[in-house]
Every structure is written in structure tokens, then in C-alpha cells.
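Report on the structure given below.
The values are calculated or read from the model by the stated rules, or taken from the named source; none is laboratory data. These numbers were taken from a predicted model, which means no experiment stands behind them. So basically every Cβ, Gly included, is an ideal-geometry build from the backbone, and we count neighbours across all protein chains shown. Just the protein is used for accessible areas: all its heavy atoms, side chains included, with ligands, DNA and RNA removed. Shrake-Rupley method; radii C 1.70, N 1.55, O 1.52, S 1.80 Å.
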Amino acid sequence: MSEGKDSPSKLEQRAKEFMQTFNQEDIKRRKEEQTVELRKSKRADQATKRRNFQSNDQEWVKVNEKYKKYYVLADLPELLQAIRATDPERHLFAAQGLRKLLSIEHQPPIQEVIDAGVVPILIEWIQRFEFPQLQFESTWALTNIASGTHQHCQVIVEKGAIPLLVKLLESPNEEVREQAVWAIGNIGGDAAHCRDIILQHNGLQLLINCVENTAKPSMIKNGSWAISNLCRGKPPPAFEMIKDAIPILAKVVMEHHDTELLTDCLWALSHLSEGGEEKVEMVIDSGCIPRVIQFLGHHIYNVQLPAIRTIGNVVTGNDKQTQIVLGMGGAVALSNLLSSPKKNIRKEAVWSISNICAGSKEQLDALVAAEVFGKIINIVQKDEKEIRKEAVWALSNAAAGGRADHVAHLVQQGIIPALCNLFTLQDVKIVSVAMEGINRILKHGQENFKTEQGTNPFADIVEECGGLDKLEQLQGHPNTNIYEKARTIIENYFEVEEDENSQLIQLIKDSVQFTF
């Protein structure tokens, strides 16, 4: 039979001491603590590059009959000879030939073209505003060089091309502008210092202008992708330099359906909403949250993942910001993701829910109504370790911040055996958080659910599922924090003869070398 043997005031004091390390800051863990754990997807963290190997069906001028449809490396000497000519039409021939050569889909000869010394010539030609088709072809060739390796891209950057390409974003010719957008996107995605040079030259605002002032789908798509590349990278860009991207990205997300376009914009929003309530508020104010919540149920994984990351960032904000997500059906959407076959989706959903669990009691009501906790408990018992670890936080947060009826619901769903089964794991953090959750549950049982016989029914469940035996074993744990917590729980909520308990602890101390 299990029963607390101390007075309520003494129990309260012990519980208070026990929970000193389980404060609100620890509960509401911000993304700084979880970034390494939850953000290892290279696909998300790395910017993308794209090579333009599509043919331009509409010729601006009727080209000479000797202009070829395809070029191979053996044609390079002929193109170099045309570069040295004085006839502008020969220059156009050379520029178009180079971009077609660099548009070969498999293994384009980027290094060979660089070694031929044509990059400075191409950079010179993009400044020929009186000859927009030459600008277009030359920019296209530079775009495809920038789509290569970092070393290939840096050849362009070191020749001073970035400010000149940014200037092309103001060209009166939309074809030239769009090709400059593509080049800027590749260069901005190559490295953080390239991205920052573009930002310093007002490249973001000019990209925004290109997207806002067009009805051309390809310009909207390429412009949004280029903007997204400026919003990511390591180290991240200064928020002040990229915050103006939020409204246009939100607008695209709300108005378009192309999955590749949505993927780019959602990744950008996930980066822009990361790291503080001010950033979260700006994303909320853009009006895109209802649409992003809809995308939690999207059938394409590449849309779903950045959507859940964006929502996850929002619910790390304050209670008001979190409530906005819940008020738009976010709890049900997140609950549905807990059954996703995709590991990363489940992980992100559990992480988001663990932060909601640290919010207000009304927010816990929303999670209960969405039938979240039965699924979380199942994850604790059966899922992969890294997801189980986050699920333990969710349950402990809920037990720590919930009302008595919330805790009763958790107990009904099977939280006690689920947490007790974690006591045998080697991961000290998981064990510690699980113990903190059990302590809170036992405290609720002692204060709110005593039987007519004066017993704590939750303590009975701990004992029946083998949790008490595991707690007794944890008194021999080499980690000081773990064995002290185990001893405190046993003394507070289970009948153990004082002499017997003291003798047990002494035996453990005599036989185990503790790690302090």
C-alpha cells in the first residue's frame, strides 16, 4: 500500500526543492537549445543552386544560319575566335554559344570555359545596356558557371560581378531581369559572404520588386527562390537585412500552388521566424499562418516539412502567439502529424507540441481536445530515441503545467507506465525529465486524488507497473542528480521505513563510486 507519510507542508517543501531545476525556462526550451538536435537536415540548411539548361524558344533577333542549336567542347575555339572579333553580332554568337555549351545537362565543361579566360569578357558584356540580348546571353552563361562548384562560383565573385548583376535587376528588359535573378540566386546560395554582398548592394529589395511587378510565373518562381537563398545560410544573415522579405514570401505562399515555389518560400519563412518573438510577430502579421497550417496536411513532404518548422517556430513564442496557431486549428493539424510515416515530420510535430505543453492551461485544453497525448505516449513507448526524447519533454511539460483534470487525463492515457519504463535507459537527461514528470503526477495524486483510505492512487500505479522497483534501483545510479531525485520521490510518496531506507542508501554509497 502506498501513502505519503509526511505532512502536506513538508511534502510541498520537498516538492519545491525537487523541482528547483525544472523551472519555466527549462520547460519552454527555446530553439537555441534544440537547433543542433532538430535542424540537421542538410537539405533545409543549405541553399539551393539551379542551372538553366532550358532552351529559349523565342529568339529576340533572327540569328545567322551558322548559329547552332547545340554546342560541345570541341566548338570552344570557334567561340573564342568570335569573342576576339569586333562585330557585335559575332559577340552575340559567342555569348549564345557559351551559354549553350554550359547548358549541357550532364557534366558541362565549366572549368574548361573558365580556363579559357572568358569570365571577364562575359562580365564586360553584361554591362552593355544598349544590347540587351547580349546581356541576356552573357548573364545566362554566368548563371550556369555559378551553378557549379564553390570554386567555380568564386571566380565570378572575385571578378566583381555581384554589383553588376544586381544592377541588371533594374534592367528595362524583363528577360534580362529574370536571368539576373537566376544568377543572383545561384551566387547568393553559394556562400554566406556572397549572400551578404548581395544584401549590402540592395539586392533583396530589387528582387522583391521583380516579383511584385510581374505576372510572369517563371519570374515569380525564380525570384522567390532567389529571395529564399538570401534568407538562409550559416552564419544566418542579419535579420534587419532580410525582414522585408516576409510580406512578399507570405503573399506568394497565400496565392500560389506550385509545390517547388511553396517549398522555397516556406523554407525562407522558417528561417525568418527562427529565434525570437519579434520575428514570429512579423510572420504572424503577414497573414500567412492559416495557409501554413493548411500545408501541415499537404501530401508533398517537401512542402510539409518547412511548414511544420515554421509553425514550430511560432509556438516557441509567447502564449498569445501560440494561441493564434491553436485558434486556427493548429492542435488538430499537429496531432495528425504524430502518425506520419516520415521521421522528421513526427520529430518536428512532437517538438512543437512540447512547447505548446509549456504554455497556458487553456492551450493544454486544446491538445487534450485534439487527442494528442495518447499519441505522444505511444511515441514515448515505441518510436526512435531522438523522437522519444522530445516526447518525454512534452509529457513532463504537461504534467508540470497542467490542472488536476489534465493530469488525470494523462494518467488515463497511460503516462505513468510510459515514463517509468524510461527509468532504465542510459540517457541521463531522458531519465531525469521522466522522473520530473512522475514527481509532478504523484504530487497531483497526493493533493487532489487521495482515496477514501487516504492513499495516493497514482503512487499505486507507479508501484504496480514496476516503477517503484526502478526508482529504488536508481538510488544506485552513478549520477548524483538521478539518485537524489529517486530518493526524494520514494521518501515523499512511498512508505519506506526510515531505518531501512537509510541502510539501503548507505549500502549503495559503500558499493558504488558516484560521479559528481
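Observations on the structure shown:
- When the pairs LYS389/LYS470; LYS429/LYS470; LYS320/LYS485 are compared against a 23 Å limit on Cα-Cα distance, LYS320/LYS485 fall above it.
- Here the extension length gained between GLU170 and HIS256 equals 28.5 nm, from 0.36 nm per residue of separation less the Cα-Cα distance.
- Pair LYS382, ASP365: separation of 7 Å Cα→Cβ label points (nm): 3.2
- Subtracting the Cα-Cα distance of LYS68 and THR86 from their residue separation scaled by 0.36 nm leaves 4.4 nm.
- Accessible surface of the range 215-310 [probe 1.4 Å, protein heavy atoms]: carbon and sulfur percent: 55
- Given charges at beta-carbon only (K, R positive; D, E negative), |dipole| of the range 291-443 in Debye: 220
- Sorted largest first, the principal axis extents computed over the alpha-carbon atoms of the range 276-425 equal 45, 32, 24 Å.
- Förster radius 41 Å - calculated FRET efficiency between LYS342 and ASN479, Cβ distance, rounded to 0.05: 0.75
- Solvent exposure of the range 256-347 amounts to 36 Å² per residue of accessible area, where only protein heavy atoms count and the probe is 1.4 Å.
- Calculated log₁₀ intensity ratio I(q)/I(0) where the Debye formula runs over C-alpha points of the range 98-170, q = 0.22 Å⁻¹: -0.94
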